[in-house]
1. Give me the pairs: first residue in region 170-190 and without any contact (Cβ under 8 Å) to a residue 12 or more places away in the chain and over 16 Å from Val237 (Cα atoms), second residue of a type outside the set (Ser, Thr, Tyr) and buried (at least 20 other Cβ atoms within 10 Å of the Cβ), beta-carbon distance under 7 Å, and six or more apart or on different chains, which are they?
2. So which residues in region 169-200 are more than 19 Å from Tyr130 (Cα to Cα) and out of contact with any Leu (no Cβ under 8 Å at 6 or more places or on another chain)?
3. So if I check each of Gly176, Gly153, Gly194, which one is touching a strand residue (DSSP E or B) at 6+ places or on another chain (Cβ under 6 Å) and not β-branched (Val, Ile, Thr)?
4. Looking only at region 125-148, which residues are assigned to a strand (DSSP E or B), out of contact with any helix residue (DSSP H, G or I) (no Cβ under 9 Å at 6 or more places or on another chain) and open to solvent by less than 40 Å² (accessible area, probe 1.4 Å)?
5. Just to be sure before I move on: is Ala119 farther than 30 Å from Val285 by Cα, of a type outside the set (Ser, Thr, Tyr), assigned to a loop (DSSP other than H, G, I, E, B) and open to solvent by less than 20 Å² (accessible area, probe 1.4 Å) in the structure I sent?
6. Checking Ser218 against (1) open to solvent by less than 10 Å² (accessible area, probe 1.4 Å); (2) among the small types (Gly, Ala, Ser); (3) free of Cβ contacts under 8 Å to residues at least 60 places away in the same chain; (4) more than 24 Å from Gln319 (Cα to Cα), which single condition isn't satisfied?
7. Which ones in region 111-134 are among the aliphatic types (A, V, I, L, M) and farther than 16 Å from Glu227 by Cα?
8. Kindly indicate which of Leu165, Leu68, Leu132, Leu138 is among the hydrophobic types (A, V, I, L, M, F, W, C) and either touching a His at 6+ places or on another chain (Cβ under 7 Å) or farther than 28 Å from Pro263 by Cβ (or both).
Amino acid sequence: MMSMNKSRLRGADIPASSITPREVATGRRRFLQASGIGLTGLGGAALGALPSSAAFAADSPGTGLAKLSATRNTRYVVTDKPTDIKDVTTYNNFYEFGTDKSDPARRAGTLKPRPWQVAIEGEVKQPKVYDLDALLKLAPLEERVYRHRCVEGWSMVIPWIGYSLAELIKRVQPTGNAKYVEFVTLADPKQMPGLSYPVLSWPYVEGLRMDEALHPLSLLTFGLYGEVLPNQNGAPVRMVVPWKYGFKSAKSIVKIRFVEKMPLTSWNRAASDEYGFYSNVNPDVDHPRWSQATERRIGDGGIFTPKRKTLMFNGYGEQVASLYQGMDLRKFF
């Protein structure tokens, strides 16, 4: 991904929330053409019929969901001010429920996070299907406060609850052929009405190199702000990989596969020139349509609030830079 001319980008200093990825725009056009729906009728005709039930009590101090006990791990707590829980739970990308930021919170009430199972497959000596309760008891739960940076140019700070994915990996015993970990998410049209909207190839697939998956920062996540994950945030189990752009952190996981070859991930399949497999936060490598040098922290104010400088690896360089020693991070973006 080549760096773009900054002067050309500066004229497009629009709120990151209004940036529509190319695949969303082209997918929307294909959908409208096939359906005979005009652009002005998209909201009412295409998505308006989706359920509007919320998965949380928006006016409460929390989400109204079950509490989740965890010990704060101070080794993994950034000093940035946490983003307000209302923003964390109402400003989301989860295209299985719609492409607008407010869609997941309004429409994810159809997701049934229990009962839930996660299948461990592929190059492992101990393949297994875990139910949610077994996963919750597999290792002590920790609260970690991580920065979250979206490829669209906005960011948050979120207190997540989970444990290092490495805890699960060591129990299933990957073979020597396991070079990558692939995450496959739920794709049930009955629970996820946005699947009828052809933005991506479903199910959503993400992946990590084995050493990335084993890094202690890679968090198998079950909650936020002291409660179980709200549906719109990826209930009941998701990944959080804080040094990578947010779309690398798969939500509502149903399968974890250990594979020899690099998995073809959803956004990389949709536009390999825009969304590389690694997708490490890098202020020096722009998206083809906007700069990544700065970011807008959600909750910091309006669109006229000065943006923050984007930190290399989202500020986690001291912990993770060694994973990419000798790699050309412009080529392997």
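1. Partner pairs satisfying both residue conditions: Pro189/Leu195.
2. Correct list: Thr175, Gly176, Asn177, Ala178, Lys179, Lys190, Leu195, Ser196, Pro198, Val199, Leu200.
3. Being touching a strand residue (DSSP E or B) at 6+ places or on another chain (Cβ under 6 Å) and not β-branched (Val, Ile, Thr) holds for just one of Gly176, Gly153, Gly194, which is Gly153.
4. Residues satisfying the conditions are Glu143, Arg144, Val145.
5. no
6. It fails just one condition, (4).
7. Leu111, Val118, Ala119, Ile120, Val124, Val129, Ala134 - these are the residues of region 111-134 that are among the aliphatic types (A, V, I, L, M) and farther than 16 Å from Glu227 by Cα.
8. Leu68
The values are calculated or read from the model by the stated rules, or taken from the named source; none is laboratory data. All values derive from a computational prediction rather than experimental measurement. Every residue, glycine among them, receives a Cβ derived from its backbone with ideal geometry; neighbour counts consider all protein chains shown. The area values use the complete protein model at the heavy-atom level, side chains included, leaving out ligands, DNA and RNA. Shrake-Rupley method; radii C 1.70, N 1.55, O 1.52, S 1.80 Å.
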